[in-house]
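**Student:** After the structure tokens below, expect a handful of questions from me.
The values are calculated or read from the model by the stated rules, or taken from the named source; none is laboratory data. On a predicted model such as this, the values are computed, not experimentally measured, just so you know. Neighbour counts run over all protein chains shown; Cβ positions are idealised from the backbone, glycine included. Accessible surface is based on the protein model in full, side chains and every heavy atom, while ligands, DNA and RNA are left aside. Shrake-Rupley method; radii C 1.70, N 1.55, O 1.52, S 1.80 Å.
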Amino acid sequence: MVTDLADMVKPSVILDGKQTSQVLLADLKQEIQVLPEQHRPKLVVVIVGEDPASQVYVKRKAKVAQELGMHSEVRWLDATTPQVDLEREILDLNKDVSVHGILVQLPLPKHMNTLDILSVISPEKDVDGFHPVNQGRLLSGDLPPALPCTPAGVMHMLHAYQIPIAGQHAVVVGRSNIVGKPVGLLLLQENATVTVCHSRTQDLAAVCRQADILVAAVGIPRLIGADHVKEGAAVIDVGINRVDGKLVGDVDFEAVKEKVGYITPVPGGVGPMTIALLMRNTLSLYKAAGQ
Ligand code: GUN
């Protein structure tokens, strides 16, 4: 019997964020270790309040920075801190020449205006790429040294696995300022045809089925099912949702994994990439500062 190759089922590739991030982190560590100890990149993370998830993320960011040989510091501010006090803290960090990257952990308490706060961070130290000037640079295609970490992590993953982007139809589900909008712009920058979907999109499944690259970033557990994916597509799951004490993504992994060409798991997909790109951003800002 002759086997028709086209009839053979090709197993989908699991995009391993742990391994991909470790390769990147190892490269960064090599670069950092040769720098003089007293003059290395420094990341300062500011956290306001006691959001448990944010506390976990912040500690992990500081730990990874230290493992790479960078300097890092976490500033913990009380949930009731007045906005003006946080602004003063940021202005001090802007002036401190030993600091290269400033990250204000989001979400902020309700009494603060997030855009006001992000606008106070010096664009040259904006390790998240969230300052309006850096958002504008992303929009215009004049990319700043530090791009939003999760979107940059998604792009790094696509590059690492040599998934074609130019000319492909990329569908992004979610339009947040942190992920959906910037990842859409980065895909466009690399010549994908980009569609951004959201809660008012009609027949979401039909739109998603057109995607060669599908990025799910809405925060709705297992929203994306087998009906939403085209055979052979690359599916990137940015969702981190806690359901019955378990972390699940925006994609129903079990339902779609056989159908697609590539898929990120949750956990172990985009999550580790975000931290690795934060480290790369800190090093990039240090270099751009000419130090
Ligand atoms: N909270 C969730 N994701 C992020 C991020 O990428 N940056 C900051 N500053 N806060 C976040």
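**Student:** At 20 °C and a viscosity of 1.002 mPa s, what translational diffusion coefficient does Stokes-Einstein give for the chain, taking Rh as the Kirkwood radius over Cα pairs? Give it in µm²/s as a whole number.
**Tutor:** Working: Rh = 19.9 Å.
After rounding, the answer is 108 µm²/s.
**Student:** Can you say what percent of the DSSP beta bridges in the chain, counting only those with both residues inside, are antiparallel? Round to 5.
**Tutor:** Just about 10 percent of them are antiparallel.
**Student:** Shape of the stretch 226-289 from its Cα gyration tensor (a ≥ b ≥ c, root eigenvalues): rounded if a/c is under 1.5, otherwise prolate when a/b > b/c, or oblate?
**Tutor:** oblate
**Student:** Additional query: How big is the dipole moment of the stretch 1-84 about its Cα centre under a simple scheme where the beta carbon of each Lys and Arg is +1, that of each Asp and Glu is -1, and everything else is neutral? Debye, nearest 20, please.
**Tutor:** The dipole magnitude comes to about 280 debye.
**Student:** Relative contact order of the chain, please, whole-number percent, based on alpha carbon pairs below 8 angstrom and at least 6 residues apart.
**Tutor:** With pairs under 8 Å counted, the relative contact order is 21 percent.
**Student:** All other residues with a Cβ under 12 Å from the Cβ of G174 taken together, and with Lys, Arg as +1 and Asp, Glu as -1, what is their net charge?
**Tutor:** Numbers: positive: R175, K181; negative: D237, D250.
Taking every other residue near G174 into account, the sum is 0.
**Student:** Leaving ligands and nucleic acids out of the surface, order R200, R40 by accessible area at 1.4 Å, largest first.
**Tutor:** Per-residue accessible area, sorted high to low, gives R200, R40.
**Student:** Local charge sum around V154 (other residues, Cβ-Cβ under 12 Å, Lys/Arg +1, Asp/Glu -1)?
**Tutor:** That sum, taken over residues with Cβ under 12 Å, equals -2.
**Student:** Can you tell me, using C-alpha contacts under 8 Å and at least 6 residues apart, the relative contact order of the stretch 161-238 as a whole percent?
**Tutor:** Numbers: 140 pairs, mean separation 26.2, N = 78.
This gives 34 percent for the stretch 161-238.
**Student:** In addition: Can you give the log10 of the normalised intensity I(q)/I(0) at q = 0.11, 0.19, 0.21, 0.24 Å⁻¹, computed with Debye over equal Cα scatterers of the stretch 96-201?
**Tutor:** Here log10 of I(q) over I(0) equals -0.38, -1.01, -1.15, -1.34.
**Student:** A follow-up question, please. For the stretch 186-245, how big is Rg over Rh, using alpha carbon atoms and the Kirkwood form of Rh?
**Tutor:** Expressed as Rg/Rh, it is 0.97.
**Student:** Which whole-Hz couplings ³J(HN,Hα) result when phi for each residue of the stretch 270-278 is put into the Karplus expression 6.51 cos²θ - 1.76 cosθ + 1.60, θ = phi - 60°, listed in order with x for Gly and Pro?
**Tutor:** Coupling constants for the stretch 270-278: 5, x, x, 5, 4, 5, 4, 6, 4 Hz.
**Student:** Against the 2.2 N^0.38 Å scaling, with N counting residues, where does the stretch 176-279 land? I'd like the Cα-based Rg ratio to two decimal places.
**Tutor:** For the stretch 176-279, the normalised Cα radius of gyration comes out at 1.03.
**Student:** Taking only the alpha carbons of the stretch 150-231, what extent do you get along each of the three principal axes, in Å, biggest first?
**Tutor:** 29, 28, 19
**Student:** Determine the dipole magnitude for the stretch 200-291: charges of +1 sit on the beta-carbon of Lys and Arg, -1 on that of Asp and Glu, nothing else is charged, the reference point is the Cα centre, and the result goes in debye to the nearest 20.
**Tutor:** Computed charge dipole of the stretch 200-291: roughly 380 debye.
**Student:** Continuing with this model, one more query. For the stretch 36-112, what does the alpha-carbon gyration tensor say about shape, rounded, prolate or oblate, given a ≥ b ≥ c as the root eigenvalues, a/c under 1.5 as rounded, and a/b over b/c as prolate?
**Tutor:** Details: a/c = 3.38, a/b = 1.43, b/c = 2.37.
In terms of gyration-tensor shape, oblate.
**Student:** I would also like to ask the following. Assign unit charges at the C-beta atoms only (+1 for Lys and Arg, -1 for Asp and Glu), then state the dipole size of the chain relative to its Cα centre in Debye, rounded to the nearest 20.
**Tutor:** For the chain, the charge dipole is close to 180 debye.
**Student:** Could you derive backbone 3J(HN,Hα) for the stretch 70-75 from the dihedral phi with the Karplus parameters 6.51, -1.76 and 1.60 (θ = phi - 60°), listing whole Hz in sequence and x where the residue is Gly or Pro?
**Tutor:** 8, 8, 8, 8, 10, 9
**Student:** Right, next: What 222 nm value per residue comes from the helices of the chain, counting each DSSP H run with n ≥ 4 as -39,500 (n - 2.57) and dividing by all residues, nearest 500 deg cm²/dmol?
**Tutor:** -11500 deg cm²/dmol
**Student:** Round to the nearest 10 and give me the degree value, 0 to 90, for the angle of helix 83-95's Cα axis relative to the longest principal axis of the chain.
**Tutor:** Roughly 80 degrees between the two axes.
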